[in-house]
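The structure under discussion appears below in the form of structure tokens.
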Amino acid sequence: MVTTSTEFDTVLELCQERHRRIILAVLATEKRSLTVNDLTKAIVKHNHHVPLLEISEEESREIRVSLHHMHIPKLEHLSLVHYDQERKLVEPTPQFDQLQPQLSAVIDADPELEAPVAL
């Protein structure tokens, strides 16, 4: 697959933020729609290295708010996911599938994320 420099720059920009790398990695591993709660659990597991029940409600809320207001809108703006706000469901799009090899290469280079990044 030929990647343009714009696509490569987009992948690098997306992967700058650790929470977004975790979201992208989990979506790539799971290959299905995930809830905001699923993504919150994944971030807690892979970023904080504890089960969801072991972090404060405030921390959990902050993660959900950042997903809702920052990370998911950015992914949706680039047509990588579709977000159903009523069901709080994040679904990968065909565009996500097209960029997944480049995303995986960048995510695999993260020394703190052990593959596979799953729920």
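Every read-out reported here was derived from the displayed coordinates using simple, explicitly stated rules and does not represent laboratory data. Small disclaimer: the values here were computed from a predicted structure and weren't measured. Glycine gets a Cβ as well: all are built from the backbone with ideal geometry, and neighbour counts include every protein chain shown.
Between ALA42, THR93, PRO73, the Cα set farthest toward the positive side of the dipole of the chain (charges on each charged residue's Cβ, about the Cα centre) is that of THR93. Considering helices alone, the calculated mean residue ellipticity of the chain at 222 nm is -15500 deg cm²/dmol, with DSSP H runs of length four and up weighted by -39500 (n - 2.57) and normalised per residue. If you take the Cα centroid of segment 33-60 and the Cα centroid of segment 64-119, the two points sit 15 Å apart.
So what is the orientation-averaged projected area of the chain, using the convex hull of its C-alpha atoms, in nm²?
Values: hull surface 28.0 nm².
The directionally averaged projection comes out at 7.0 nm².
Give me the aspartates and glutamates in straight-line cross-link reach of LYS45: C-alpha distance below 20 Å, same-chain residues under 8 apart excluded. Hits, sequence-local ones excluded: GLU17, GLU30, GLU54, GLU57, GLU58, GLU59, GLU62, ASP108, ASP110, GLU112, GLU114.
Dipole size in debye (nearest 20) for the chain around its Cα centre, Lys and Arg Cβ +1, Asp and Glu Cβ -1? Display every interim value, and only then the final one.
Numbers: 12 positive and 20 negative charges, 43 e Å.
That gives the chain a dipole magnitude of about 200 debye.
Which of the GluC sites (Glu not before Pro) across segment 27-104 are loop residues per DSSP, with 14 or fewer other Cβ within 10 Å?
Values: sites: GLU30, GLU54, GLU57, GLU58, GLU59, GLU62, GLU76, GLU86; in loops: GLU86.
In loop regions of segment 27-104 (DSSP not H, G, I, E or B), the sparsely surrounded GluC sites (Glu not before Pro) are GLU86.
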